[in-house]
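J.: Dumping the structure here so I can ask a few things about it.
The values are calculated or read from the model by the stated rules, or taken from the named source; none is laboratory data. Bear in mind the structure is a predicted one, so any value in this text is a computation, not a measurement. Here the Cβ is made from the backbone with ideal geometry for all residues, glycine too, and neighbour counts use every protein chain on show. Note: accessible area is taken over every heavy atom of the protein model, side chains too, but ligands, DNA and RNA are not part of it. Shrake-Rupley method; radii C 1.70, N 1.55, O 1.52, S 1.80 Å.
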Amino acid sequence: MDISSTSANAISTTINGEKNYTPALTILTSLFFMWGFITCLNDILIPHLKAIFSLNYTQVMLIQFSFFTAYAVVSLPAGMLVEKIGYKNGIVFGLITAGVGCLLFYPAAEYQSYGIFLVALFILASGITILQVAANPYVAILGKPETASSRLNLTQAFNSLGTTIAPYFGSLLILSVAVKTAEELKSLNMEELNAYKLAQASAVQVPYLGLAALLLLIAAVFAFIKLPKIEGGNVEGAIDLNSSYDHYHQSAWKYRHLILGAIGIFVYVGAEVSIGSFLVNYIGQPFIAGLPESQAGKLVSFYWGGAMVGRFIGSAVQRKIKPGSVLGFNAFMAVVLVIVSMATFGKIAMWSILAVGFFNSIMFPTIFTLAIDGLGKHTGQASGILCMSIVGGALIPVLQGYFADNIGIHHAFFLPIICYLYIAYYGFKGHKHEYQLAAISK
């Protein structure tokens, strides 16, 4: 059970009369790293399972569909769970759930079942959803309101460290075994084919068993450490103004800037996951780089590494420039880079699409903090709504997979462009709500 802030001095100190939450934030950063690492491994699973189960782009995108559908199903119940048992216990429960999901990869590989893989991904993502519902608002609340966006960007930078490392290690462990072509598979007899599929599927067992052990170990650590107890309803400040607007409505659903922010999270995650999901196959195209999967997978680290660098820079920039303006600029630059990739070939097309990761960097934490701005006692419910919107990562990649099957992988990237245009609107205008504007005009 969460302890009171009075007894939480083991990991928080008081400096000049103000609470110092740096120790608590440092511990929480490990969570952001872990779920970034796990989520990004999907980009390696996609080409691997596509090959061993002979799937088309639409079918293989069910990996992302199963994973991100959990956000739609679990987020709101997770919000209620976290409000009932507290942030700390919510984190522990989420870690255990994610660990169980990782363990299910073993029977999925043993029985060579794509269906079990999808179930395992759903359970794994359910645990990560609970972690996000608990940890994102906790970081935003754990400090001064005016620096919430910068603080969440900083912790999200370590999330990006996980996404940067994952493709490289995933390529070494999962894509290292050469995948046979369709012609080579036809030459195998039934016994050889089954042995090949088992070997390919088993390549995921050791990595995910290791992840399960690590998640359960972190859960044990969080079960025994002391974290400050801070409730969303106790937050009186807004990000840009020292006032709260939580008394205007009885439900978070009534706040326009939150709903527009939820749409922003939906299209952002959809665009980011769509691009990341197709990178290995995209870079492997003869008209782009023509690289084998094991090499193309390592280059995906540049996409997520750009996001990591961008978040560290963004954390500092947003202390000087309004978060909404930074968000709008980054979304506009992402549009430009995707258009360049679609209009060119070779290295220009490859590096321009990889560079999108840098401008993706600050989008999620900035949209998140702008959307919960001034919601006070509604922060927990708002967090559930925003995390539910991560389901965009389930739907938009499948839609892009459909277009890739029908108009080609090169032209299918028009879909992320539409997503980034909306994010630019939210950054420049959509995040401003009538209560905030009214307060400014006084």
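J.: Can you tell me which of 118-126, 253-261 comes out highest on packing, and rank the rest after it, using the mean Cβ neighbours within 10 Å?
T.: Descending mean neighbour count gives 118-126, 253-261.
J.: On a 29 Å Cα-Cα criterion, which of the cross-link pairs LYS347/LYS429; LYS84/LYS322; LYS298/LYS429; LYS84/LYS320; LYS50/LYS429; LYS50/LYS347 come out too long?
T.: LYS347/LYS429; LYS84/LYS322; LYS298/LYS429; LYS84/LYS320; LYS50/LYS429
J.: Enumerate the calculated ³J(HN,Hα) couplings along the stretch 212-224 in order (Karplus 6.51 cos²θ - 1.76 cosθ + 1.60, θ = phi - 60°), each rounded to whole Hz, writing x wherever the residue is Gly or Pro.
T.: Computed from phi, the couplings for the stretch 212-224 are 4, 4, 5, 4, 5, 5, 5, 4, 5, 5, 5, 5, 10 Hz.
J.: Right, something else. If one computes the Cα centroid of the stretch 367-424 and of the stretch 289-313, what distance in Å separates the two points?
T.: Taking the Cα centre of each part, the stretch 367-424 and the stretch 289-313 sit 21 Å apart.
J.: Per residue, how much accessible surface does the stretch 284-378 expose to a 1.4 Å probe? Answer in Å², no decimals.
T.: 38
J.: Zone of PHE287 (label point 7 Å along Cα→Cβ, backbone N under 11 Å): which residues in the stretch 323-363?
T.: Answer for this model: 342-346.
J.: Regarding the stretch 322-418, what is the average projected area of its C-alpha convex hull, in nm²?
T.: Across all orientations, the stretch 322-418 yields a mean hull projection of 6.8 nm².
J.: How high is the FRET efficiency from ASN189 to ARG319, r the C-beta distance, R0 60 Å, rounded to 0.05?
T.: The pair ASN189/ARG319 has a calculated efficiency of 0.40.
J.: ³J(HN,Hα) across the stretch 113-123 via Karplus (A = 6.51, B = -1.76, C = 1.60, θ = phi - 60°), whole Hz, x for Gly/Pro?
T.: Once rounded to whole Hz, the list reads 10, 5, x, 5, 4, 5, 5, 4, 5, 5, 5.
J.: Now for a different question. Percent of Cα-Cα pairs more than 13 Å apart in the stretch 373-424, please.
T.: That fraction is 67 percent.
J.: Rounded, prolate or oblate: pick one for the stretch 65-132, where a ≥ b ≥ c are the square roots of the eigenvalues of its C-alpha gyration tensor, a/c under 1.5 means rounded, and failing that, prolate if a/b is larger than b/c, else oblate.
T.: Verdict is oblate for the stretch 65-132.
J.: Tell me, what does the Kirkwood hydrodynamic radius of the stretch 262-319 come to in angstroms if you use every pair of distinct C-alpha atoms?
T.: 12.9
J.: On to the next question. Based on alpha-carbon centroids, what's the gap between the stretch 25-68 and the stretch 73-130 in Å, whole number please?
T.: Value for the Cα centre distance between the two parts: 13 Å.
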